[in-house]
1. In the calculated pair distance distribution of region 87-138, what percentage of Cα-Cα distances lie above 17 Å?
2. Counting every Cα pair in region 1-159, what percent are over 22 Å apart?
3. How large, in Å, is region 159-279 by the Kirkwood hydrodynamic radius built from its alpha-carbon pairs?
4. For the chain, what does the relative contact order come out to in percent, with C-alpha contacts under 8 Å and a separation of six or more?
5. If one takes the longest principal axis of the Cα atoms in the chain, at what angle in degrees, from 0 to 90 and to the nearest 10, does the Cα axis of helix 131-148 lie?
6. Counting only protein heavy atoms, what percent of the accessible surface of the chain is carbon or sulfur at a 1.4 Å probe?
7. What residue among Gln317, Gln163, Gln283 has the largest mean-square fluctuation in a Gaussian network model of the chain, using Cα springs under 10 Å?
8. Could you give the dipole magnitude of region 159-279 about its Cα centre, charging the beta-carbon of Lys and Arg +1 and that of Asp and Glu -1, in debye to the nearest 20?
Amino acid sequence: MSSSTMNAVRLHEYGGPEVLRYETAPKPEPGPGELLVRMRAIGANPPDWYAREGMPGVPDELKPPVTLPLIPGTDVSGVVEDLGSGVEGFAAGDEVFAMLNFPKTLQGAAYAEYVTAPATDFARKPAGVSHDHAAAVAMSGLTAWQYLIDLGHDHPSPFQEAQHTPAPLDTTSTVLVNGAAGGVGHLALQLAKWRGARVIAVASGDHEAFLRDLGADEFIDYTKVAPEEVVRDVDLVLDCVGGPRSRRFLRTIKRGGSLYPVYFGEFDDEENARLGITVTLTQVRSNGAQLAEIGRLLEDGTLRVGIDSTFALKDAQAAHERAARGHLRGKIVLTV
Ligand SMILES: NC(=O)c1ccc[n+]([C@@H]2O[C@H](COP(=O)([O-])OP(=O)(O)OC[C@H]3O[C@@H](n4cnc5c(N)ncnc54)[C@H](OP(=O)(O)O)[C@@H]3O)[C@@H](O)[C@H]2O)c1
């Protein structure tokens, strides 16, 4: 391989995991304000499979621009190899992690041996945190952070006019996290606990020990009990499954409370207002400064990242097959 090429996973057409090809691709060069990073680990996320499939469930007007061949992926951890002009605060050899270029493009191009992205997307990786854990935390951690702790920007949401503002959480708060064992859910659970809240975790039964170990005060196995039938008067529901069924959680929330679906669903603004419940969603955005805060919480043990499974980058197809089987417990990681 020449110095201008690298190995990467690309897709030349949309489809199932089989369209992911491990092959030679051009090595990127850092533009002004960008870092070139030699990759050590990649965290996999639902937008990776949505990109692979051509985003069939996303309305055309919400689809980011994409050209084929495409290198999917957003979440990275690695070592700075080179810097574009004007970059301050980083040096060659620094260990860094990031969620790249999101939501500007689904071509974060993380499934590769090298990536470039704005330096502002990156944070230094704490020495006590592995590359696997740092890559795994990026999108899920930022999503949980921007929903529950601090939005960190004032860009309008593509999903909703109302601005999302995280409701304050403290020891008087009760939070229900639906989809609690997944990437976003297991980190959101821990952030809510960090803020002192009581947390009800909803997941399939096999995840109970994992979630109690992370601090869940109550656990509901949704395969046996519908949470909306048994939970009442919580302050906040973070629905990490989202979609059309999210509305059922309205009845579990007290007046003045909030429902945050992570994926757009169907809501009636008049019903929300009558119930006195704030329903907002947002779209996660790259933010190196927030990742630095998340990194500190990882290093001091406040946050733990669950690793569902690990694959070599060349086996990205198998990683996507694992994702398609569902029931993830934490994150899928690709190692480079
Ligand atoms: N708004 C944003 O910017 C943003 C950012 C990141 C992700 N997302 C979206 O958030 C969703 C979750 O992402 P993720 O990375 O956390 O996905 P994930 O890691 O695949 O986790 C999904 C979890 O949901 C659980 N689940 C599935 N069906 C369920 C049900 N009916 N009730 C309760 N739990 C159920 C699964 O395990 P069990 O069924 O075994 O419990 C799994 O643990 C995705 O739709 C993703 O696109 C949105």
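The values are calculated or read from the model by the stated rules, or taken from the named source; none is laboratory data. Quick caveat: nothing in here was measured; it's all calculated off a predicted structure. Note that each Cβ is placed from the backbone with ideal geometry, even for glycine, and that neighbours are counted across all protein chains shown. Ligands, DNA and RNA are stripped out before the accessible areas are found, and what is left, the full protein with its side chains, is counted by its heavy atoms. Shrake-Rupley method; radii C 1.70, N 1.55, O 1.52, S 1.80 Å.
1. Details: 471 of 1326 pairs.
Pairs farther apart than 17 Å: 36 percent.
2. Summing the P(r) tail past 22 Å for region 1-159 gives 42 percent.
3. 14.2 Å
4. Working: 822 pairs, mean separation 63.7, N = 336.
Relative contact order here is 19 percent.
5. 40 degrees
6. Exposed carbon and sulfur together represent 48 percent of the surface.
7. For the chain, modelled as a Gaussian network with Cα springs under 10 Å, the answer is Gln163.
8. Working: 13 positive and 18 negative charges, 41 e Å.
My answer is approximately 200 debye.
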